[in-house]
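J.: I am attaching a structure below and will ask some questions about it afterwards.
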Amino acid sequence: MSLSFPPGFLWGAATSSAQIEGAWNADGKGPSIWDAFCREKGRVSGGDTADAACDSYHRFGEDVALLKDLGADVYRFSIAWPRIFPTGRGPVNQAGLKYYHRLVDALLAAGIQPFCTLYHWDLPQALQDEGGWENRATIDAFVDYAELIFREFHGKIGKWLTLNEPWCSAFLGNFIGIHAPGKKDLKAALAVAHHHLVAHGLTVNRFRSLVASGHASGTIGIAPNISWVDPYTDSEADRQAALRGIQWSWDWFLDPICFGEYPEPLAGWFADKGFRPPVLAGDMDAIRQPIDFVGGNYYFATAARFDPSPEGGLLASTPVDLGLEKSDMGWPLTPEGFTKSVVRIHQRYGLPFYVTENGLGLNDPQDQRRIVYLDQHLRALRRAMAQGADVRGYMAWSLLDNFEWAEGYSKRFGLVHVDFATGARTPKPSFGWYKQLIGREKAGAEL
Ligand code: BGC
C-alpha cells in the first residue's frame, strides 16, 4: 500500500565517513579523534577500531550501485576532515579531495543527489591535541575547511549539513565520556557545544557569501538528535523533567540558531548549578543565521520521571522502562515519538525538515523487525505531515552495517549486511522492502 508521500519527496539512505570508509591512514589521511579513541583500552566494545570498517574508501562503487538499485534520490554521507586537512589546517591533501570527487561523480552519474555532512564527529586529532572544540581556534579551522569544500564542490553538491548530532559530540564526548575524546567535564562539554554553534553560524555565513559571489551552491542546515521525551506522569515535576531532556538534545542547538538565545528553563537550570556556555560578545549574533532547513535524526522516545536523587543526574530525570520491545542498543521501539518530534520541530521552528537518520540497530538474520520498524516510522512521519509538518525527505540509517562508535561492530543498523572480514555486501530483506516502497511511492507520485 502506498503511503502517498508528496511528489518530489526525496528518498535515500545515510552513512558517515568514520563509520564506513576505513583506510584510516591511506593516501595521506591524518588520524581523527576516533582513530585515537579506538586505540585507548576499554573505550570501544571488543577493542574494535574504525581502521577498515566497510572499506568504502575502496568499495564506494559498490555502495553507489546499491543506492542506484534501491532507487535512492539522495545519499547522505560525510566528509572526513582529516582526509582533507590531515592536521586540521594547512596544506590540502589532494588525494583525500580526489576520493570525494570520485564518490560525488559516481553518485551524480547514477542520478543520485549528494547530501553532504561536513562534520560527523571525526575531528583531526592534531586539533584535539590543541584543545579540540574547547579551543576557539578550532572554529576558524572548521570554517576554512568548510569553505574549501563549498568551493571545491560548487555545482556538484546541493545539500549541506554543517554538524551531525552536536549533542553527541559535545555531551556524549565530553560530559558522559563514552564517545571521543572521552572526557567527563560539563564545563568542557558546554564549551564544545557553544563552539560547535559558533562554527555552525560562521560556516552558514561563509556559505552565503560564497553563494552570493558564485563560488558555492545549494541549501544548508544542521542535523540534531530529535529524541522524544514524554513525562511519565502528568505532574509538573515530570513534565519539566521531560522538557529538560528535549531542550538538552535539540533546543540547546536550534534555539540559538533560530532565536539567538539558549533555551529556558534549561539554561537557567545549568546556571543555577554554576555552569554557563562561554558566550563572548557577538557570538549569539554569529550563531543566529537563517538556515534553509532542519535535519533530524530520530531513533526512540523515553518517558522521564523527576528524580532529584543522584541517579537522576544532571537533569534530575530518570527514564522509566515501560517494558516496550527494544533494539540491540537497548532503545525502545517508539514510532509515536517520531510524530511528536517532527510536529514539535515544525511548530517551534517552522522550517522545512529532512529526516537525516532513522533506523533500527538489530542483528536479526530474518530482518523482519527492521521492516516493521521502517514501516511504522514512515507511517508516523506521514501522520506528522498530516498535522502540517513540511517534511521534504527521508534518509534511512544506514545503507550499510558499519562501525557503531563505542559499540564497535557489535550493532548492525544496515539495510545491507556487511561481512567485516571480507567486506562483502549482501542486501537484507529490509533493503528489498524499502526498494519496493520507494518504487511504489514514486509511481504513485507520478500519477
Ligand atoms: C549517529 C550515527 C549513529 C546512529 C546510531 C546517530 O547517533 O549520527 O552516527 O550510528 O545514530 O547510533
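J.: Only one residue in Asp285, Asp255 is open to solvent by 20 Å² or more (accessible area, probe 1.4 Å) and either among the small types (Gly, Ala, Ser) or in a helix (DSSP H, G or I) (or both). Which one? Step through it out loud before you land on a result.
T.: Numbers: Asp255 fails: open to solvent by 20 Å² or more (accessible area, probe 1.4 Å).
Every option except Asp285 fails the conditions.
J.: Given the structure, is Gly22 part of a loop (DSSP other than H, G, I, E, B), open to solvent by less than 30 Å² (accessible area, probe 1.4 Å) and within 16 Å of the ligand (Cβ to nearest atom)?
T.: yes
J.: Which ranges mark the helices (runs of 4 or more DSSP H) fully within the stretch 73-169 that have 2 or more residues being open to solvent by 10 Å² or more (accessible area, probe 1.4 Å)? First the steps, then the outcome.
T.: Values: elements: 81-84, 94-109, 125-128, 137-152.
The qualifying helices (runs of 4 or more DSSP H) are 94-109, 125-128, 137-152.
J.: Next question. Would you confirm, using the coordinates I've provided, whether Gly330 is within 15 Å of the ligand (Cβ to nearest atom), closer than 25 Å to Ile222 by Cα and part of a loop (DSSP other than H, G, I, E, B)?
T.: no
J.: Could you run through the stretch 333-353 and say how many residues are open to solvent by 20 Å² or more (accessible area, probe 1.4 Å) and within 16 Å of the ligand (Cβ to nearest atom)?
T.: Residues that pass the stated criteria total 1.
J.: Hey, can you tell me all the residues within the stretch 1-19 that are open to solvent by 10 Å² or more (accessible area, probe 1.4 Å) and under 21 Å from the mean Cα position of the chain (by Cα)?
T.: Listed by number, the residues that qualify are Phe9, Leu10, Ala18.
J.: Hey, another quick one. For the stretch 80-112, name all the residues that are out of contact with any strand residue (DSSP E or B) (no Cβ under 6 Å at 6 or more places or on another chain) and among the aliphatic types (A, V, I, L, M).
T.: Within the stretch 80-112, Ala80, Ile84, Val92, Ala95, Leu97, Leu103, Ala106, Leu108, Ala109, Ala110 meet the criteria.
J.: Moving on to the next point. Tally the residues that are hydrophobic (A, V, I, L, M, F, W, C) and free of Cβ contacts under 8 Å to residues at least 40 places away in the same chain, restricting the search to the stretch 30-63.
T.: Total meeting the criteria: 1.
J.: Continuing with the same structure: Just checking, which of Gly414, Gly408 is within 16 Å of the ligand (Cβ to nearest atom), open to solvent by less than 30 Å² (accessible area, probe 1.4 Å), at positive phi and at pLDDT 95 or above?
T.: Selected residue: Gly408, the only one of Gly414, Gly408 that is within 16 Å of the ligand (Cβ to nearest atom), open to solvent by less than 30 Å² (accessible area, probe 1.4 Å), at positive phi and at pLDDT 95 or above.
J.: If we scan the stretch 359-369, do we find a residue that is over 16 Å from Ser327 (Cα atoms) and buried (at least 19 other Cβ atoms within 10 Å of the Cβ)?
T.: No, the conditions are met nowhere in the stretch 359-369.
J.: Return yes or no: is Trp269 of a type in the set (Phe, Trp, Tyr), open to solvent by 10 Å² or more (accessible area, probe 1.4 Å), closer than 29 Å to Asn205 by Cα and outside any strand (DSSP E or B)?
T.: no
J.: Determine whether Arg369 is within 30 Å of Gly8 (Cβ to Cβ) and away from the ligand (no atom under 12 Å from the Cβ).
T.: no
J.: Being open to solvent by less than 10 Å² (accessible area, probe 1.4 Å) and either among the polar types (S, T, N, Q) or within 14 Å of the ligand (Cβ to nearest atom) (or both) is the filter here, so list the residues in the stretch 387-396 that pass it.
T.: Once the filter is applied, which keeps residues that are open to solvent by less than 10 Å² (accessible area, probe 1.4 Å) and either among the polar types (S, T, N, Q) or within 14 Å of the ligand (Cβ to nearest atom) (or both), the stretch 387-396 yields Met395, Ala396.
J.: A further question on this structure: Whether any residue in the stretch 170-189 is touching a Ser or Thr at 6+ places or on another chain (Cβ under 6 Å) and in a helix (DSSP H, G or I) is what I want to check.
T.: Checked the stretch 170-189: no residue is touching a Ser or Thr at 6+ places or on another chain (Cβ under 6 Å) and in a helix (DSSP H, G or I).
J.: Considering the stretch 218-243 alone, what residues qualify as being open to solvent by less than 20 Å² (accessible area, probe 1.4 Å) and not in a strand (DSSP E or B)?
T.: If the condition is that a residue be open to solvent by less than 20 Å² (accessible area, probe 1.4 Å) and not in a strand (DSSP E or B), then Pro224, Ile226, Asp238, Ala241, Ala242 are the ones that fit.
J.: What are the residues in the stretch 293-308 that are touching a Ser or Thr at 6+ places or on another chain (Cβ under 8 Å) and either farther than 19 Å from Phe259 by Cβ or more than 15 Å from the ligand (Cβ to nearest atom) (or both), if any?
T.: Phe293, Asn297, Tyr298, Tyr299, Phe300, Ala301, Thr302, Ala304, Arg305, Phe306, Asp307
J.: When you check Arg382 against the structure, is it more than 17 Å from Leu10 (Cα to Cα) and more than 14 Å from the ligand (Cβ to nearest atom), yes or no?
T.: Working: more than 17 Å from Leu10 (Cα to Cα): no; more than 14 Å from the ligand (Cβ to nearest atom): yes.
No: the conditions fail for Arg382.
The values are calculated or read from the model by the stated rules, or taken from the named source; none is laboratory data. If you're wondering where the values come from, they're calculated on a predicted model, not measured in any experiment. No Cβ is skipped: glycine too gets one built from the backbone with ideal geometry, and neighbour counts run over all protein chains shown. The accessibility values were calculated without ligands, DNA or RNA, using every heavy atom of the protein model including side chains. Shrake-Rupley method; radii C 1.70, N 1.55, O 1.52, S 1.80 Å.
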